[in-house]
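The values are calculated or read from the model by the stated rules, or taken from the named source; none is laboratory data. Fair warning: this is a prediction, and the values are worked out from it, not measured in the lab. All Cβ positions, glycine included, derive from the backbone under ideal geometry; neighbour counts span all protein chains shown. Protein only, heavy atoms only, side chains kept; ligands, DNA and RNA dropped before computing areas. Shrake-Rupley method; radii C 1.70, N 1.55, O 1.52, S 1.80 Å.
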Amino acid sequence: MSVRVVLVDDEAMFRAGISMVVDSQPDLEVVGQADDGAEAVEVVEQTRPDVVVMDIQMPGLDGVAATRALGERFGEACPRILVLTTFDLDEAAAAAIEAGASGFLLKAADPAFLLAAIRAVASGSQVVAAGATRQLWERFRARPTRPPGPEYDELTERERQILRRAAEGLSNAEIAEAEFLATGTVKTHVSRILSKLGLRDRVQLVVYAYEHGLI
């Protein structure tokens, strides 16, 4: 089955170019387009995509507000959101991650990297513009923390350890090696952690860990 994609950008020519690139792939399909955040919510309602590629700077409802609106409207059924930004890291990109985006990359990124990023977020992985990962997480680290809620109490000690490992940026294979587990077992644990904490992907898991002082 193809990964269903919605494109959101106020520049029609840019959307057309991205649409051509995405539709050239046998496993990807553009199912809708919108020129602002408000229209994006309507298009997602109509098309139910797997991934939304969203410009962060738009008139009216911008990418951050639209990301938040999609999360509030669709909850756990919200598609993965990949935001596009002009800069490696700015407040808007960080705000989009906090609002629920699965990652961000530069609008000037190579088309092949964009395609890989769409596939990655569709599979539940995080995507952060090259060179910005450490800056992004350090920005979250610098913010005040608060104790985790009752949802954290639902985690087993093993799940808490795997949460910390994942939040430190380790892959499933690296966690498996560190914890002497099978990679498939780690994948199962990560899925359970996300479910218990009400998170959609590993990006939100990292933000959760920083917000609650777990790493």
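Let me know the whole percent of all Cα-Cα pairs from the stretch 4-90 that are separated by more than 17 Å. The calculated P(r) of the stretch 4-90 puts 42 percent of pairs beyond 17 Å. How much of the accessible area of the chain, in percent, comes from carbon and sulfur atoms when a 1.4 Å probe is used? Heavy-atom surface of the chain belonging to carbon and sulfur, 1.4 Å probe: 51 percent.
Under the simplified labelling scheme, the R48-R158 pair shows an inter-label distance of 3.5 nm, with each label point 7 Å from Cα along Cα→Cβ.
When you work out D = kT/(6 pi eta Rh) for the chain at 4 °C and 1.567 mPa s, using the Kirkwood radius from C-alpha pairs as Rh and the Stokes-Einstein form, the result is 73 µm²/s. Residue separation of S195 and E91 scaled by 0.36 nm, minus their Cα-Cα distance, works out to 34.6 nm of gained length. Using C-alpha pairs under 8 Å with a sequence gap of at least 6, the mean separation divided by the residue count of the chain gives a relative contact order of 16 percent.
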